[in-house]
Amino acid sequence: MKFSIYAILFGLLLGACKEDPLPDSDNTEGKDGLLLLNEGLFQQNNASLSFIAEDGSVSNDYFLQQNGRLLGDTGNDMIVYGAKVYIVVHASSTIEVLDKSTLKSEAQINLQFQGVNQLPRFVTGYGPNIYVSTYDGYVNVIDTSSYMVTNRVEVGNNPEGLVVSNDKIFVANSGGLNSPNYDSTVSVIDLATLQISDEIFIGANPGELAVDSEGDVYVVKRGNYGTDLSELFVLDAQNNYQKSNLGVAATSLFMDKEDKLWITHLNYGNNTNNVALVDAQQETILSSAYIDASDIQSLYGVFVDEDYLYCLDARGFTLSGKLKKYLKSTGEFLEELDTGLNPNTLVKIKN
């Protein structure tokens, strides 16, 4: 549910799913590769992981293989931070903590407040903590040693993406559960005091964020998926985070190590997809359509490493997904791999 808030309606919820037998465990522990989070369908308890080894082989249902249980309901975000992998499982209100080498679960952090599920959305790491946005309107500070919530900072309505820039956390407040009365702000938290230091107006339904090496923050304004179109804004760190519009439609972002911003756009109106490329240092559009995306059905995210561009295709949100691989330097299509249901986040595992 990275792009819309229950708006795709979980791909028109499939009927009751029968239990599959426990898959055989693959001997991939300690190996390098890519780890893919498959969101699954809301209220179906079928979020999953796929592991893509360096030889290109894919192990689906990987969390189940390694841990003998299901990941939970609606996987929404995942990061590698230190020696751990942190997975946000939205509807289950949990953060799953994996050992990066074995990908076995070391802890499951339950996020409830006064007995009510907080519904976590996104996670980022800074110093000894991870920071998790939750739909009850807070950012939770979680100590990575004890896995305890040590503080809660109130932000806007239904916060989504969050990034760190110059000792501040920027948090996109979507208000998605109040559609059509969306929130329109980005809250700025001073990490030294854990107090709100600023609130920046963006426009309806801010979602994902990215940050470049100079601290500039990029914000997706998703609008209402109809008459209010999506836009991409940049907040200039060298100019007190003043806002400017880059003139690019966006639903998801990925900033690579060379300060190139890869931007996906899924147009829900006509079901077309696009990948654009921006030079974050110059804030110029390098390509408005980097690949031929005509064979992608539902572009749900993008990931780039040194050599390759990967596009995550959710295929209408009801079918098993596809991971499409392209040559980064030219955009040439190379191959596609089968994944779990609604692939939305890809990270690199380097041991």
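The values are calculated or read from the model by the stated rules, or taken from the named source; none is laboratory data. What you see is a predicted model, and the numbers here were worked out from it, not measured in a lab. All Cβ positions, even for glycine, are placed from backbone atoms using ideal geometry, and neighbour counts span all protein chains on display.
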Name the one entry in VAL89, VAL80, VAL85 that is β-branched (Val, Ile, Thr) and within 23 Å of ASP136 (Cα to Cα). VAL89
Condition first: more than 27 Å from GLY321 (Cβ to Cβ) and either at pLDDT 95 or above or surrounded by fewer than 18 Cβ atoms within 10 Å (Cβ to Cβ) (or both). Can you find one or more residues in region 267-279 that meet it? yes
Those residues of region 32-54 which are part of a loop (DSSP other than H, G, I, E, B), in contact (Cβ under 8 Å) with a residue 24 or more places away in the chain and within 11 Å of ILE349 (Cβ to Cβ) amount to ASP32
Suppose the filter is in a strand (DSSP E or B) and among the polar types (S, T, N, Q); does SER133 pass it? yes
Restricting attention to region 282-301, which residues are farther than 15 Å from GLU332 by Cα, of a type outside the set (Ser, Thr, Tyr) and surrounded by 14 or more Cβ atoms within 10 Å (Cβ to Cβ)? GLU283, ILE285, GLN297, LEU299, GLY301
Neighbours by Cβ (under 6 Å, 6+ apart or cross-chain): first from region 107-124, farther than 15 Å from VAL139 by Cβ; second surrounded by 14 or more Cβ atoms within 10 Å (Cβ to Cβ): ALA107/VAL97; ALA107/TYR147; GLN108/THR94; GLN108/GLU96; ASN110/THR94; ASN117/SER93
